[in-house]
Amino acid sequence: MAITYRRLLAATLVAGLTLLAAWTPARGAEPTPASTAPNIIFVLVDDLAWNLVQYLPQVQRLQSEGVTFTNYTVTDSLCCPSRSSILTGQFPHDTGVFTNGGADGGFAVFKGRGNENRTFATALQAKGYRTGFLGKYLNGYLPADTQGGSLPYVPPGWSEWYVAGNGYSEYNYDLNENHTVVHYGNQPADYLTNVLSRKGKDFIQRSAAANEPFLLEVSTFAPHSPFTPANQDLDDFPGLTAPRTAAYDRLPTNPPSWLAGNAPLTTQEKNTLDTNFRKRAQSVQAVDRLIGNLRAQLTTSGIADNTYVVFSSDNGFHMGEYRLTGGKQTAFDTDVRVPLVVAGPGVVPGSQRAEIVQNIDLAPTFQRIGAADVGTHVDGRNLLPLAQGDPAPNWRTGALIEHHGPNQASDDPDAQDRRNGSPVTYEALRTATYTYVEYSNGEREYYDRSVDPHQLNNIAAGLSANRRAALHDALAAYVACHSHSACWTAGHVPA
């Protein structure tokens, strides 16, 4: 009798709840509930070249579950210009940021030109997203600087902010934690990449519990020099050496003058390159664990299936190629072509896309994921249709790289000399088959990568007058574009 009564009571309760649900007014005309908007996690690493991906099993797992863009390049192989393009979706000639500091670069120029008011963070925050930034922002940013206010400065668009200034050593640094400066020391628990991992997990957990969509950028200093591994990784990869590719310790034919005088690498330089490559592989182990930890938290919080996870680097890094010791800033593929891997809702698992894409495409992609408008000032394009397998017959055919140099300021962590590569100012086109470079001193480079993938034969001098003119005009038009439509048109360059 008691069991029958409880069953009757339960049935009555279910019927009541069903009636209540039927009575509830339809929500068709209201905005989509925040909980259904996709989340975004963007892991951006510093100076990671393609040759380190083999030591990152979590990135390889991400590749198997998502899409790898095989022709993804940065707008400049230098930290601040590249990060400025990522944040805004604009080329350096539109952000005004060409270097890490001084009159044409750094945080001061980025902020002074109003770029902070038109980032993917401001766009998504306006759509109800909780936005978080962890790690490295822009060169010249200092955690304690108030920028004329009463508290340590946090840029617009960011709901939560945990950002360092000089965090390259991974120990003994300060974080601006939501307007409060917190110092971290030299204990194992203070290792910066691990700190970012813990804070990232906490941000995900709290955002999921609040039922709020979020964008989280975790920007590590690793594997930037001085290539500091976590204690637990100090003995990894014994005997590992820098890759000896076809370009290792070789000059291209007809090299530009900034490169031409480099003698063969010495034994000591080769030993240093090997040591530093091993340290770089060790230092990204913490990055790999960070990715695994963030994805595990997504699963624990029940939101993994509604979250896009994006992995990339601000620039590449050469180590011995072209007789250059460790560095970046060149137009060679070692420096400008970096990983971009995306996994998430609707993305084709294990796929590759060979279209020409750049870091200017990240901001409009994030904005369209969050249903935010993309302004006409944005130079890039939404990559989500490519990631989800759509055909793209009319996609751009060329990438634009812009660099101001030589970059030798004594206070710049990326200052380079002739030995590790300090090119003069240049602009370059990179397509699926060739790289064309124009230097401010009138020199030219042209590499047919379809037959010369390591870029060892500069054949610029042998091009016909018509071909040289066509390439010059295409590059000039690209450098002069200043809108969504104009840059798209300019991106369709000669084959």
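The values are calculated or read from the model by the stated rules, or taken from the named source; none is laboratory data. Quantities reported herein were computed from a predicted structural model and do not represent experimental measurements. Virtual Cβ from ideal backbone geometry, glycine too; neighbours counted across all protein chains shown. The area values use the complete protein model at the heavy-atom level, side chains included, leaving out ligands, DNA and RNA. Shrake-Rupley method; radii C 1.70, N 1.55, O 1.52, S 1.80 Å.
Structural remarks
- Radius, Kirkwood style, for the chain when every pair of distinct Cα atoms is counted (Å): 23.7 Å
- Once backbone amide H atoms are built at 1.01 Å from N, residue 340 has 69 as its partners under 5 Å, excluding neighbours fewer than 5 places away on the same chain.
- In the context of the full set of protein chains, the range 287-372 has a per residue accessible area of 24 Å² (1.4 Å probe).
- The alpha-carbon positions of the range 203-272 define a convex hull whose volume is 205 Å³ per residue.
- When you work out D = kT/(6 pi eta Rh) for the range 265-416 at 10 °C and 1.306 mPa s, using the Kirkwood radius from C-alpha pairs as Rh and the Stokes-Einstein form, the result is 86 µm²/s.
- Gain in span if fully extended, residue 245 to residue 457, counting 0.36 nm per residue against the direct Cα distance: 74.8 nm
- Listed peptides 173-184, 401-412 by packing density, highest first (mean Cβ within 10 Å): 401-412, 173-184
- Size of the range 146-302 as Cα extents on the principal axes (Å, biggest first): 58, 40, 31
- Near residue 382: Cβ cut-off under 14 Å, other residues only, Lys/Arg at +1 and Asp/Glu at -1. The net charge is -1.
- Backbone HN-Hα couplings from phi across the range 88-104 [Karplus 6.51/-1.76/1.60, Hz, Gly and Pro as x]: 9, x, 10, 5, x, 5, 9, 6, x, 9, 10, 9, 8, x, x, 6, 10
- By the helix-only formula, in which each DSSP H run with n ≥ 4 contributes -39500 (n - 2.57) and the sum is divided by residues, the chain has a 222 nm mean residue ellipticity of -9500 deg cm²/dmol.
- Summing charges over all other residues whose Cβ lies under 13 Å from the Cβ of residue 227, with Lys and Arg as +1 and Asp and Glu as -1, gives -3.
- Apportionment of accessible area to carbon and sulfur, the chain, percent (1.4 Å): 54 percent
- Reduced Cα scattering model of the range 345-495, Debye log10 I(q)/I(0), q = 0.21 Å⁻¹: -1.32
- One decimal place: the segment residue 236-residue 470 gains 79.2 nm when fully extended, by the rule 0.36 nm per residue minus the C-alpha distance.
- Distant-in-sequence amide H partners of residue 308 (H built 1.01 Å from N, under 5 Å): 39, 40, 41
- Kirkwood hydrodynamic radius over Cα pairs of the range 452-495, then Stokes diffusion coefficient at 25 °C and 0.890 mPa s, in µm²/s: 206 µm²/s
- Amide H contacts under 5 Å for residue 449: 434, 435, restricted to partners 5 or more places along the chain or on a different chain, H placed in the peptide plane at 1.01 Å from N.
- Whole-Hz ³J(HN,Hα) from phi, Karplus 6.51 cos²θ - 1.76 cosθ + 1.60, for the range 425-432, glycine and proline x: 3, 8, 10, 9, 10, 10, 10, 5
- Between residue 418 and residue 147, the modelled labels are 4.0 nm apart [label points 7 Å from Cα along Cα→Cβ].
- Area accessible to solvent at residue 124, 1.4 Å probe radius, in Å²: 0 Å²
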